[in-house]
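Since the structure comes first, as structure tokens, the remarks are kept for the end.
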Amino acid sequence: MSIPPESTAEPWSQRLWEEIEGTFDEILAHPFIGGLIDGTLNSKVFGHYVAQDAHFLRDYARVLAVLAAKAPTPADTAMFARHSADVFGVEFELHNSLLADLGMPVAQLAEVPVAPTTVAYTSYLLATVYGGSFADGLAVILPCYWIYSRVGERLLEQGSVDARYQRWIDSYASAEFTTSVEEVLAITDRIGPTLTPPEEAAARAHFVNTARYEWMFFDAAYLRETWPI
């Protein structure tokens, strides 16, 4: 009996990444990222970013919890539920320590208005994961994982002269965060081949849009974005 040849098809995750390579290059070229490396990023800008990211993460944890409920296997449900809980543990611990170093008591975070881009991004995530399929939700959350991991990896090669910024870099370049990203990528490559062309196109569009939101989030922080009226 002949053995069928192994598939040489490109993994779905790789095809998705090819769609956002230009966006990722723009993120790396953004002055916010450059300022993390050389230490020239204004600490007030970084404080604005950390505060907005804390607001973002509260909704992102909810998004992951909804995705867990829609997951196709018990193992997938358990993984996304664990990742959701990790947001309130690992990531909030990082943000709380950074806010303290920046002179912003965590108790004051509730007084910081949620910026327009933060509202838009989290609203898009929540609408997609609630209203769409599991594949839609998976695609819409993946850039936040993957882009941060790759940014952390790139920045770790150069390091930062500012200990606060280095701590941020170390967190997203850590083995623990890399493992979480790899878990999501494994599900992505398992789900991709099961999608019909229209389903795949819809999910891919969400992936591309969220990658754009990642650039917008860094840009909004750099500008210390506020509501115009």
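Overview of results
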{"item": "Backbone N within the stretch 13-38 under 15 Å of label point (7 Å from residue 154 Cα along the Cβ vector)", "result": "17-38"}
{"item": "Per-selection Rg to Rh, the stretch 1-124 - Cα, Kirkwood hydrodynamic radius", "result": "1.10"}
{"item": "Förster radius 22 Å - calculated FRET efficiency between residue 175 and residue 93, Cβ distance, rounded to 0.05", "result": "0.85"}
{"item": "Enclosed volume per residue, in Å³, of the convex hull spanned by Cα atoms of the stretch 157-229", "result": "141 Å³"}
{"item": "Separation between Cα centres of the stretch 40-69 and the stretch 123-159, rounded to whole Å", "result": "12 Å"}
{"item": "Among 35, 137, 89: highest mean-square fluctuation, GNM of the chain, C-alpha pairs under 10 Å", "result": "89"}
{"item": "Coil-residue chymotrypsin sites (Phe, Trp or Tyr not before Pro) of the stretch 58-102, DSSP, other Cβ within 10 Å capped at 10", "result": "none"}
{"item": "Selection from 57, 171, 191 lying farthest towards where the dipole of the chain points positive, charges on Cβ", "result": "57"}
{"item": "Span-rule helices in the chain, defined as complete DSSP H runs reaching 15 Å or more along the axis (Cα) with Kyte mean at least 0.0", "result": "43-70, 116-131, 134-158, 175-191"}
{"item": "222 nm mean residue ellipticity, helices alone, for the chain (DSSP H n ≥ 4; -39,500 (n - 2.57); rounded to 500)", "result": "-25000 deg cm²/dmol"}
{"item": "Per-bin percent of Cα-Cα distances, the stretch 66-185 [5 Å]", "result": "2, 10, 15, 19, 21, 17, 10, 4, 1"}
{"item": "Per residue, the convex hull volume that the Cα atoms of the chain enclose (Å³)", "result": "141 Å³"}
{"item": "Linear extension gain, residue 199 paired with residue 130, 0.36 nm per residue minus alpha-carbon span", "result": "23.2 nm"}
{"item": "Under 5 Å, built H, 5+ apart or other chain: amide partners of residue 114", "result": "none"}
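We did not get these values from a lab; they are worked out from the coordinates using the rules stated. A quick note: this is a predicted structure, and the numbers were derived from the prediction, not measured. Note: ideal-geometry Cβ built from the backbone for every residue, glycine included; neighbour counts use all protein chains shown.
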